[in-house]
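A quick write-up on the structure given underneath.
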Amino acid sequence: MSHDSTAAPEAGVRKLSGRRRKEIVAVLLFSGGPIFESSIPLSVFGIDRQDAGVPRYRLLVCGGEDGPLRTTGGLELSAPHGLEAISRAGTVVVPAWRSITSPPPDEALDALRRAHEEGARIVGLCTGAFVLAAAGLLDGRPATTHWMYAPTLAKRYPSVHVDPRELFVDDGDVLTSAGTAAGIDLCLHIVRTDHGNEAAGALARRLVVPPRRSGGQERYLDRSLPEEIGADPLAEVVAWALEHLHEQFDVETLAARAYMSRRTFDRRFRSLTGSAPLQWLITQRVLQAQRLLETSDYSVDEVAGRCGFRSPVALRGHFRRQLGSSPAAYRAAYRARRPQAERPQQDVDGGPGGMPGHTGHPGQAPAALHPEHPVPLQSRRTAAASAVGASPALSAAASDNGREAYISARASLPGQRSAT
């Protein structure tokens, strides 16, 4: 599933400057970027498929830094254009960034800010969202990235409304996608926006992919485990933990269920998932709390108990560390962005929390929100993404002077979303 806010008023979208052309797409490449993500916009926008009914784009491949650009497998690329070519593009795509821990080049960030100011559509695929965020283009906006990196994006740029459950997010003139293949979904969406369903469908047939994919990253995010663990003995322990989050247990309990010492269990869990079991467990409890805050009227104290936290204080502390706000503030911001008609009905199932359609155990997650409700998906549901396989969240904020100046200059733009 995707979040598409293109139906919003056009007031927030700048007019394209005279020197830029709508049909020109610039793809910004950096050394160290993965070749798969980099190749997606090159294939979608760089091949002439007019014979199949797909209108032609003009592609400019631009180096975001001096070459040669090294990519997956030690391959070296030489971009035919530099940053100056971005000045002609109506769309600028950043397909990926080499490392979520390192800042992008200032020159590239300046070029992206200028392009946005002049009305260009800016697109970040996968970790390309980190480049857009560093340029200040995502502040006050909904955005997504690969679920593994969503917590780091949210913590480093707290004014970005990161939603790790989406395949892509279209916020008008700034668009972001989840990891890897989700870049194809977003590029097809761009073609659909520019030229209609028929053109996007023709392109999808050429690429041998579905024109629209249902669902989002939730199938990976909610499990928060790599698929390889399914055949491992630890899978049964993990499944038990997810089914009993409403109970108070610790990692020692999980180790005992796995018939391992705590030390062995920690080492085995980390080797399989890339995450410490304690951090994984806390993240799952925070995710459960998010669901209850969004879909029920339980008090914060009740939510804490239903998510296995020993006290409301513990819930508030972990919730704030992972999302940057208190549970009460999260619920208020979530409901403020959600139309009245879409809010949960009271006492639909006769339960004390009024959780629509939820008739299972109090500790189980409520039913998912309806996929056709786009507004709730703007909320910052970032905690779950840090579960397994994610790098440790970085606490240092990236706030270079150029980014701060840009944010200040654009704060009063019409249609701008305010940070929560």
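The values are calculated or read from the model by the stated rules, or taken from the named source; none is laboratory data. Note that the coordinates shown come from a computational prediction; the quantities given were computed from them, not determined experimentally. Cβ: placed from backbone, ideal geometry, glycine included. Neighbour counts: every protein chain shown. The area values use the complete protein model at the heavy-atom level, side chains included, leaving out ligands, DNA and RNA. Shrake-Rupley method; radii C 1.70, N 1.55, O 1.52, S 1.80 Å.
Is there a residue being more than 17 Å from residue 109 (Cα to Cα) and touching a His at 6+ places or on another chain (Cβ under 8 Å) anywhere in region 132-140?
Going residue by residue through region 132-140, those that are more than 17 Å from residue 109 (Cα to Cα) are 140.
Still in the running and touching a His at 6+ places or on another chain (Cβ under 8 Å): 140.
Yes - at least one qualifying residue is present in region 132-140.
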Handout entry: Candidates 285, 270, filtered to the one that is basic (Lys, Arg), out of contact with any Ser or Thr (no Cβ under 6 Å at 6 or more places or on another chain), within 20 Å of residue 152 (Cα to Cα) and modelled with pLDDT under 80
Key = 270
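When residues of region 181-196 are filtered for being touching a residue at least 40 places away in the same chain (Cβ under 8 Å), open to solvent by 20 Å² or more (accessible area, probe 1.4 Å) and farther than 13 Å from residue 93 by Cβ, how many remain? Quick ask: steps written out before the conclusion?
We begin by selecting, within region 181-196, every residue touching a residue at least 40 places away in the same chain (Cβ under 8 Å); these are 182-191, 193-195.
From what is left, the residues that are open to solvent by 20 Å² or more (accessible area, probe 1.4 Å) are 184, 193-195.
From the residues that got through so far, the ones that are farther than 13 Å from residue 93 by Cβ too are 193-195.
Result for region 181-196: 3.
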Exercise for the section: Collect the residues in region 20-39 that are of a type outside the set (Gly, Ala, Ser), under 24 Å from residue 103 (Cβ atoms) and either part of a helix (DSSP H, G or I) or open to solvent by 20 Å² or more (accessible area, probe 1.4 Å) (or both), keeping them in residue-number order. Expected result: 34, 35, 36, 37
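Could you list all residues from region 197-211 that are open to solvent by 30 Å² or more (accessible area, probe 1.4 Å), in contact (Cβ under 8 Å) with a residue 40 or more places away in the chain and touching a helix residue (DSSP H, G or I) at 6+ places or on another chain (Cβ under 8 Å)? Don't jump to the end; show me each part of the working.
Step one: of region 197-211, the residues open to solvent by 30 Å² or more (accessible area, probe 1.4 Å) are 197-198, 205-211.
Still in the running and in contact (Cβ under 8 Å) with a residue 40 or more places away in the chain: 198, 205-207.
Result: 205, 206, 207.
Are there helices (runs of 4 or more DSSP H) fully within region 250-329 with at least 3 residues that are under 23 Å from the mean Cα position of the chain (by Cα) and closer than 29 Å to residue 163 by Cβ? List them.
Output list reads 277-295, 312-323.
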Practice task
Could you please find all residues in region 118-139 being under 11 Å from residue 87 (Cα atoms) and either within 13 Å of the chain's Cα centre (by Cα) or acidic (Asp, Glu) (or both)?
Solution key: 118
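If I filter region 40-80 down to residues being among the charged types (D, E, K, R) and more than 18 Å from residue 131 (Cβ to Cβ), which single residue comes out as most open to solvent (accessible area, probe 1.4 Å)?
Looking at the filtered set, the residue picked out is 56.
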Practice task
Among the candidates 239, 258, single out the residue that is under 30 Å from residue 327 (Cα atoms), at pLDDT 75 or above and surrounded by fewer than 21 Cβ atoms within 10 Å (Cβ to Cβ).
Solution key: 239
Problem - Where residue 150 falls short, out of the listed (1) over 28 Å from residue 211 (Cα atoms); (2) among the small types (Gly, Ala, Ser); (3) modelled with pLDDT under 95 - result: (1)
Exercise for the section: Kindly list, by first and then second residue, each pair from a residue in region 288-307 that is at pLDDT 95 or above to a residue that is open to solvent by 40 Å² or more (accessible area, probe 1.4 Å) and aromatic (Phe, Trp, Tyr), limited to pairs with Cβ atoms under 9 Å and residues at least 6 apart or on different chains. Expected result: none
